[in-house]
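The values are calculated or read from the model by the stated rules, or taken from the named source; none is laboratory data. Since the structure is predicted, the reported quantities are computational estimates derived from the model, not experimental observations. Every residue, glycine as well, gets a Cβ built from its backbone with ideal geometry; the counts of neighbours run over all protein chains shown. Side chains are part of the model used for accessible areas, which takes the heavy atoms of the whole protein and leaves out ligands, DNA and RNA. Shrake-Rupley method; radii C 1.70, N 1.55, O 1.52, S 1.80 Å.
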Amino acid sequence: MRSKDKKQVNLIAQTNPKSPITEQYRLIRTNIQFSSVDKDIQTIVVTSSEPNDGKSTTAANLAIVLAQEEKKVLLVDSDLRKPSVHYAFSLSNIEGLTSVLTKKMNIEKAVMKTTVPNLEILTSGPIPPNPSELLNSKAIEKAIDELKKIYDYIIFDTPPVLVVPDSQIVANKCDGVIMVVASGKTNKQSAVKAKELLVKANTPLLGVVLNGVETDNSNYYYYQS
């Protein structure tokens, strides 16, 4: 399963910045910036309704294109059950978010640099026995407050909404949510249910990324909710 996750995260915004797909990620970036007119959008949750819809790829590439605009960006792997960000960026996952939340390491030591200028990573850390409880703790609220003083954008890669409650928990502490759905794969009823659950988290749904659509030589399309 882990090797499969590793293959699924494609950092195309870094490896092929002129690709039509990368341009779609820049469009997402632009839409987020327009959403910030009336309210600062600094902390963003990226999730999906079901597994394997491309949420981690979207989170990683969104973080890259934000960093490419000379914004200081942190990508946080808050999928504490099946983390994949450390594979994508070839980083160690011995320590990470769970280490911070359990007070075994401070944030400054847990955050790692990447080969992308302005982009840093906070991996998941060791998989805990109680992911939901950790993500719903005062410790993560304190961590987010600290990180907001350092970074322009903080992107949280979270588990699928319909699998566990973790995404709703994290979303409730953030400024906005992006939901990823896969064309021809994601069940429509599942997507609607996931949206309803996210709305209950009292966090604005910034938009939806429709993944897997062949349009103008691109297989990603974005629209605002």
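Numbers at a glance
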read-out: Table column - 3J(HN,Hα) (Hz), region 122-128, Karplus curve with 6.51, -1.76, 1.60, x for Gly and Pro; value: 10, 5, 5, x, x, 5, x
read-out: Filtered trypsin sites (Lys or Arg not before Pro), region 115-156: DSSP coil and at most 13 other beta carbons within 10 Å; value: LYS149
read-out: Rounded to 5, percent antiparallel among DSSP beta bridges of the chain; value: 25 percent
read-out: Per residue accessible area in Å² of region 64-179, where ligands, DNA and RNA are left out and the probe is 1.4 Å; value: 42 Å²
read-out: Nonlocal amide H pairs with VAL76, under 5 Å, H built at 1.01 Å; value: LEU122, ILE155, PHE156, ASP157
read-out: Near-label residues of region 124-148 by backbone N, under 18 Å of a point 7 Å along Cα→Cβ of LYS39; value: 145, 148
read-out: Rounded FRET efficiency, nearest 0.05, which uses the C-beta distance separating GLU133 from LYS72 and R0 of 35 Å; value: 0.70
read-out: Directionally averaged projected area (convex hull, Cα atoms, region 25-180), nm²; value: 8.2 nm²
read-out: GNM result for the chain, Cα springs below 10 Å: residue of PHE156, PHE34, PHE89 fluctuating most strongly; value: PHE34
read-out: Built amide H within the under 5 Å cut-off of SER48, gap 5+; value: VAL161, VAL180
read-out: Residues in region 128-164 reached by a label modelled at ASN106 [backbone nitrogen below 16 Å; 7 Å Cα→Cβ]; value: 142-150
read-out: MRE, 222 nm, helices only [DSSP H, n ≥ 4, -39500 (n - 2.57), over the chain, to nearest 500]; value: -10500 deg cm²/dmol
read-out: Apportionment of accessible area to carbon and sulfur, the chain, percent (1.4 Å); value: 50 percent
